[in-house]
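Presented below is the structure to which this report refers.
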Amino acid sequence: MFKKSSYSSVVENCVEIAIPGSDGPDPVAIRDSKNPDGPILWCGPRAYRSFTRAIRAGELRPR
């Protein structure tokens, strides 16, 4: 089940994620909530944790 990010706004920057129930090898799904039938980005749990850590640390900047 996809959940909308608490950082998403109503009009733009809308991201939804679906995280598997356990800490197993199942992939994390990421999509644009404005386009739920559009493409989905899949990544492993370890890559997702690294990605979210980098965002929180301010290591990633929008282009």
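Observations on the structure shown:
- Test: residue in region 3-11 that is of a type in the set (A, V, I, L, M, F, W, C), touching a Pro at 6+ places or on another chain (Cβ under 8 Å) and modelled with pLDDT under 90: no
- Among residues of region 31-63 being part of a loop (DSSP other than H, G, I, E, B) and of a type in the set (A, V, I, L, M, F, W, C), the one that is most open to solvent (accessible area, probe 1.4 Å) is Leu60.
- Reported count of residues in region 31-46, each being small (Gly, Ala, Ser) and within 11 Å of the chain's Cα centre (by Cα), is 1.
- Selection from region 16-30 of residues that are surrounded by 15 or more Cβ atoms within 10 Å (Cβ to Cβ) and modelled with pLDDT under 85: Ile19
The values are calculated or read from the model by the stated rules, or taken from the named source; none is laboratory data. Owing to the predicted nature of the structure, the values given are computational and were not obtained by experimental measurement. Every residue, glycine as well, gets a Cβ built from its backbone with ideal geometry; the counts of neighbours run over all protein chains shown. Ligands, DNA and RNA are excluded from the accessible area calculation, which covers all protein heavy atoms including side chains. Shrake-Rupley method; radii C 1.70, N 1.55, O 1.52, S 1.80 Å.
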